[in-house]
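Let me begin by presenting the structure, written as structure tokens, before commenting on it.
The values are calculated or read from the model by the stated rules, or taken from the named source; none is laboratory data. Because the structure is predicted, anything quoted here is derived from the model rather than measured. Here the Cβ positions follow ideal geometry from the backbone for every residue, glycine too, while neighbour counts run over all protein chains shown. SASA here: full protein model, heavy atoms, side chains in, ligands and nucleic acids out. Shrake-Rupley method; radii C 1.70, N 1.55, O 1.52, S 1.80 Å.
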Amino acid sequence: MSLPPESLEELTAGYVLGDLSSEEAEEFGRLLIEDPSLAIEVNRLQEVLGLIPYALPEVEPSPRLRSAILEAAPAAGERNQTPKRSLLQSRIVGGVAALLALALGLENYRSRQDLTTTQARVAEQKQLIAVLRQDLTTRQVQVAEQKELIAMLRQPSIHLVSLEGADLAPAASGSFVMNPSKPGAFLALQNLPSLPTGQVYQLYSVVNDKKIAWGQFNTSPNGTVLVKLPVPSKAEVTTLIVTLEQSPTSTRSVGPTVMTTETTTEL
Amino acid sequence: MDSNSDNDRSADLSLQTDGELFHALKAGQPQALGILYDRYASLVYRLALRILANPQEAEDLTQEVFLRFWHHGTYNPTRGSLSNFLITLTRSRAIDKLRSRSTNLKFLQRWSQMMTTETSFPTPIEVVSLSQRSQQVQNALAVLSENQRQVLEMAYYEGLSQSEIAKQLDVPLGTVKTWARQGLLKLRQSLKDSIG
């Protein structure tokens, strides 16, 4: 597949600038699969973008800022990895973590430069491509929801729970995020099978064997879910399950379980 | 307290790469934080100041960025430069704060108060490299057309989407996209030695 190099370059620049139209996004996703070295170019352009502030007038903050910061940092040996942060990192699984990290803009992804590679490097590139593709797909999902989720993830006290696929969807994984003092919770899932019309997924919380219904949702064309659900009254987040339901839902019985929370919850 | 050996130690540290300093920092050495501060505080501050147009807020944000970096250490050296990590973190926090302000008018008022320059307190090593890089990037930006530079800076410093920029400049969206993309590509060409 060959695009004139100039338009490939422009498309890559567009991706880094975040201005791809949905058609361009789809095309870029395809190109990424065909040519993994594109990811290197993406990272290079991200670095270039990060050089722009170097041209700003060279001003310094006041000298007291340095001492304020160094005094506020704990003494040597006491530097702590805040438990919430490392739990957040260990609990979010695979592609969803990368998805959220990209959205947060806190990490630069880049594949190694040497392409004469070992298996590990090839695997990393494949993951990077999957991540970039997922990022592109997600841009087609409502941007407002993403921004809200990002704001929520920055709060100090959020409730974060991982979900994994059960027998019907063994490859599925994802996270449930809630800020107890705010309305609504977010569900970010991946690798869920798309459903035919007449079927829908539903989230339940389970307390003492009693199932409380949250919202219903379906997947995007490539199996990802990013939805905001209202929190039912009297809901506690202990165990969560995602089930497969007929739509419209029968109010009596609950359909088969497709995903469940891992056995330990945290935060 | 032997001030000579203290100076020797910090002299050694200040010659280390960002990666080495980051490892020292993770091992709990606060001197490493001091050196990284000397290296990057000016950059973080000037970006925060440019976006927020308020020295006090810019200093608060600089403090937040460095303390966050110290406490959480989420930077992964294999994934990009430390410079870009700090800049990206600073920019996203600053744009968030910018968006939570009520009106553009306040921003313009603050910015016009800000036009007087601040004094700077250089120390030897990072003045050379930071100044050099500043000059390189200024030169690279000067090669861009006025339109290309303006659009990139509006997107970068004001967090405007390209459709918002198109509206403000009263040009088609496609034109804005071309300016921004060509601008970024030209920068990449000029600065390829700086990014490795």
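Listed values, structure above:
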item	result
B:Arg133 vs. criteria modelled with pLDDT under 95, in contact with a Phe, Trp or Tyr (Cβ under 7 Å, 6 or more places away or on another chain) and open to solvent by 60 Å² or more (accessible area, probe 1.4 Å)	yes
Among residues of region B:136-159, those that are crowded, with 18+ Cβ neighbours inside 10 Å and assigned to a loop (DSSP other than H, G, I, E, B), counted	1
Criterion (part of a helix (DSSP H, G or I), more than 9 Å from chain B (Cβ to nearest Cβ), crowded, with 18+ Cβ neighbours inside 10 Å and at pLDDT 50 or above) met by exactly one of A:Val42, A:Val48	A:Val42
Pair list, Cβ under 7 Å, 6 or more apart: region B:26-52 residue touching a residue at least 24 places away in the same chain (Cβ under 8 Å), other residue crowded, with 23+ Cβ neighbours inside 10 Å and not in a helix (DSSP H, G or I)	B:Ala41/A:Pro61
Every pair of residues 6+ apart whose Cβ atoms lie under 7 Å, when the first sits in region A:173-196 and is within 18 Å of A:Ala213 (Cα to Cα) while the second is open to solvent by 60 Å² or more (accessible area, probe 1.4 Å) and not in a loop (DSSP other than H, G, I, E, B)	A:Gly184/A:Lys228; A:Phe186/A:Lys228
Flag for B:Ser83 being farther than 16 Å from A:Pro61 by Cβ, modelled with pLDDT of 90 or more and at the interface with another protein chain (Cβ under 10 Å from one of its Cβ atoms)	yes
Top-ranked residue of region B:34-58 - restricted to ones that are within 17 Å of B:Ser129 (Cα to Cα) and open to solvent by 10 Å² or more (accessible area, probe 1.4 Å), ranked as nearest to the other protein chains (Cβ to nearest Cβ)	B:Tyr37
Evaluation of B:Tyr157 against (1) within 16 Å of A:Ala55 (Cβ to Cβ); (2) modelled with pLDDT under 95; (3) within 8 Å of another protein chain (Cβ to nearest Cβ) (one fails), failing number	(3)
A:Pro36 modelled with pLDDT under 85, of a type outside the set (S, T, N, Q), open to solvent by 10 Å² or more (accessible area, probe 1.4 Å) and not in a helix (DSSP H, G or I)	yes
Every pair of residues 6+ apart whose Cβ atoms lie under 8 Å, when the first sits in region B:84-97 and is without any contact (Cβ under 8 Å) to a residue 60 or more places away in the chain while the second is among the acidic types (Asp, Glu) and surrounded by 21 or more Cβ atoms within 10 Å (Cβ to Cβ)	B:Asn84/A:Glu47
Candidate set from region B:59-79 (those that are at pLDDT below 80 and at the interface with chain A (Cβ under 10 Å from one of its Cβ atoms)); member that is surrounded by the fewest Cβ atoms within 10 Å (Cβ to Cβ)	B:Thr78
All positions within region B:15-25 that are among the small types (Gly, Ala, Ser), without any contact (Cβ under 8 Å) to a residue 12 or more places away in the chain and under 19 Å from B:Asn84 (Cα atoms)	none
Some residue of region A:190-212 being over 23 Å from A:Ser253 (Cα atoms), in a loop (DSSP other than H, G, I, E, B) and open to solvent by less than 40 Å² (accessible area, probe 1.4 Å)	no
Yes/no for A:Pro63 being more than 21 Å from B:Leu141 (Cβ to Cβ), surrounded by fewer than 22 Cβ atoms within 10 Å (Cβ to Cβ), in contact with a Phe, Trp or Tyr (Cβ under 9 Å, 6 or more places away or on another chain) and at pLDDT below 90	no
